[in-house]
Each structure stands twice: as structure tokens, then as C-alpha cells.
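The structure appears right after this line, and notes come after that.
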Amino acid sequence: MNTNNEIVSLTNIIKNYDNGKVITKALQGIDLKIYQGDFSVMMGPSGCGKSTLLNIIGALDRATSGSVIFNGKDFNSLTNKELSIIRRNQIGFVFQNYNLLPVLTAYENAEYVLMLQNIPLSQRKEKVMNLFKEMELEGLENRLPRELSGGQQQRVAIARAVVTNPLLVLADEITANVDSKTAQSLLMLMEKLNKNNNITFLFSTHDPIVKKFARKVILLKDGRIDKEELSSENI
């Protein structure tokens with residue numbers, strides 16, 4: 001259950017892409033609220049706007065119109081630099097292709113954002129090692145991404161996303177490149193982080209396995225929210 005602390009409020013979000021010849025209407029009036037402790041999934045056919053909406057919530061892209069209020073701050077009033085600080089300090093990202101830095105070890109990938117935040121070395125080590133233990137990554141600290149399985153790489157990516165204790169973690173098609181057993185274990189891990197650490201997750205996916213874990217399902221169609229439904233199984 002959420003704690004009723006509102007993290008994100010979207011009002012009439014419209015996003016158009018103009019290539020000079022054709023205007024593509026990616027989002028057509030999205031209203032959505034995300035609360036602390038949510039474990040929600042956005043689903044819908046390809047091209048329905050899931051990734052676009054995730055990018056706007058994560059301050060990776062700006063809406064054409066409408067408002068995004070994140071932790072009380074209006075994205076429309078912020079500079080690109082201010083948005084980048086919010087991304088660094090308050091939002092975690094987990095991507096389909098892991099996006100780990102290939103020249104850094106698993107430990108260094110997870111530690112990287114803490115370095116950007118100027119967290120002291122001893123605190124960084126404590127945070128990362130405690131998280132690696134919790135996520136069953138012990139013994140893999142010094143391996144490069146190419147020396148890890150897909151599931152292990154995604155665990156490191158999740159560790160990197162949550163090590164800063166962000167307000168919100170956005171996860172885009174994170175089970176697409178792993179088998180169903182690995183997908184299940186990743187989702188169980190994130191469910192544990194949600195319940196034990198009160199980390200808020202918003203997923204974008206086609207995968208019905210993710211839907212089974214979600215407590216709220218947001219169905220998108222043609223750039224609009226077609227339906228929001230609570231999962232009685234996971235509430």
C-alpha cells in the first residue's frame with residue numbers, strides 16, 4: 001500500500017514529435033499520480049506512449065504541454081541543469097539493455113552515482129556492499145559487465161538505481177532480455193526492495209509476468225490512459 005505521499009502529479013500531458021513533415025501525437029492528455037510506496041506497471045501495445053511517458057516522468061524529455069510536478073517542483077519552471085540534478089539525486093533508472101559502463105566493475109557501476117553526489121568513500125563502500133549482500137551479488141564486485149550473465153547485469157543495474165535511495169525508480173522493459181525464471185527473481189528482488197525499503201517503482205513493460213507483481217496496472221492506448229486498475233491479488 002502507498003503512504004499517500006504524492007511523488008508525481010501529471011496533468012494533461014501532451015507530447016508531439018514534429019519531423020518537419022508529420023506531427024506524431026505520442027501522448028494525448030495524460031493525467032496520472034504516483035504515490036510513495038507504489039509498485040505500478042504501465043502496459044499497452046507498442047507505440048502507445050509508455051516509454052515516452054516514462055521519459056517525461058524521469059525528466060529525460062519535456063512534454064509539449066501540460067504539467068509535471070515532481071516532489072513539489074514544477075518541471076516547466078526548471079532549467080535543464082536543474083532537471084539533471086533531480087535525475088541524479090531523486091530518480092533511479094533501470095533499462096532493458098542494462099546500460100552498465102563496460103570499463104567499470106560491477107561495484108564501480110553501482111558506486112558511480114554516489115561518486116557524482118560526492119558521498120565519502122567509506123559511506124559509498126558501506127552502501128554498495130550492504131546492497132550487494134541484500135541482492136545476492138556478493139563475490140561479483142570485481143567482475144566487468146561482460147563477465148556477468150544477463151540477470152546478474154540487471155541486478156547490478158537495479159543496485160545502481162536504488163543505491164542513492166531515490167524517491168522513484170523507473171524501469172523500462174527490464175525483463176525483455178532475460179528468461180522467465182530470471183525475470184521472476186528480478187521482480188521478487190524489486191518487490192522486496194519496495195516493501196522493506198519503501199522504494200517506489202514504476203515499470204513500463206509488455207511482459208505479463210511483471211503485471212502479476214504489480215499492485216496497480218495502468219493501461220495505455222493511443223497515447224491515452226485507457227484504464228487504471230488495482231490488483232486485488234497484490235494489494
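Quick note: the coordinates plus some simple rules give every number you see, no bench work behind them. Computed from a predicted model, the values in this text were never measured in an experiment. Neighbour counts are summed over all protein chains in view; Cβ atoms, including those assigned to glycine, are modelled from backbone coordinates with ideal geometry.
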Subject >> Integer Hz, Karplus 6.51/-1.76/1.60 couplings in order for region 130-137, x for Gly and Pro >> reply: 5, 5, 4, 5, 5, 9, 6, 10
**OP:** Mind putting a number on the dipole of region 6-230 about its Cα centre? Charges go on the C-beta only, +1 for Lys and Arg and -1 for Asp and Glu, and I need it in Debye to the nearest 20.
**Re:** 160 debye
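Where does region 6-230 land on Rg(C-alpha)/(2.2 N^0.38 Å)? It would help to have the intermediate numbers written out before the result.
Working: Rg = 17.4 Å, N = 225, 2.2 N^0.38 = 17.2 Å.
Taking the Cα Rg and dividing by 2.2 N^0.38 Å, one obtains 1.01.
Sum up the charges of everything whose Cβ sits under 11 Å from the Cβ of Ile34, counting Lys and Arg as +1 and Asp and Glu as -1, but leave Ile34 out. Intermediate values should be presented prior to the final figure.
Numbers: positive: Lys33, Lys216; negative: Glu6, Asp38.
Computed value for this residue: 0.
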**OP:** Anything over 29 Å Cα to Cα? Flag those among Lys25/Lys181; Lys127/Lys227; Lys81/Lys181; Lys50/Lys195, in the order listed.
**Re:** Lys25/Lys181; Lys127/Lys227; Lys81/Lys181
Original post:
Can you list the equivalent-ellipsoid semi-axes of region 1-88, largest first and in whole Å, using the square root of 5 times each Cα gyration tensor eigenvalue?
Top reply: 23, 17, 11
**OP:** Would you kindly derive the ³J(HN,Hα) couplings of region 188-202 from the backbone phi angles with the Karplus curve 6.51 cos²θ - 1.76 cosθ + 1.60 (θ = phi - 60°), listing them in order in whole Hz, with x for Gly and Pro?
**Re:** 5, 4, 5, 4, 5, 5, 5, 6, 7, 10, 6, 7, 8, 10, 10
**OP:** Report the label-to-label distance for Lys221 and Glu126 in nanometres (one decimal), using points 7 Å from each Cα along the Cα→Cβ vector.
**Re:** 5.2 nm
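Only bridges whose two residues both fall in the chain count here: according to DSSP, what percent of them are antiparallel, nearest 5? Show your work: numbers first, answer last.
Details: 23 of 40 bridges.
Looking only at bridges with both residues in the chain, the antiparallel portion is about 60 percent.
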Original post:
Which residues make up the longest stretch of the chain clear of GluC sites (Glu not before Pro) that lie in a DSSP loop with no more than 13 other Cβ atoms within 10 Å, not counting the sites?
Top reply: 1-135
**OP:** Pull out the extension gain between Leu116 and Lys81, defined as 0.36 nm times the separation in residues minus the alpha carbon to alpha carbon distance; nm, one decimal.
**Re:** 11.2 nm
**OP:** Starting at the first residue of region 92-109, write each ³J(HN,Hα) from the Karplus equation 6.51 cos²θ - 1.76 cosθ + 1.60 with θ = phi - 60°, in whole Hz, x for Gly and Pro.
**Re:** x, 10, 10, 10, 4, 9, 6, 6, 7, 7, x, 8, 9, 6, 4, 4, 5, 5
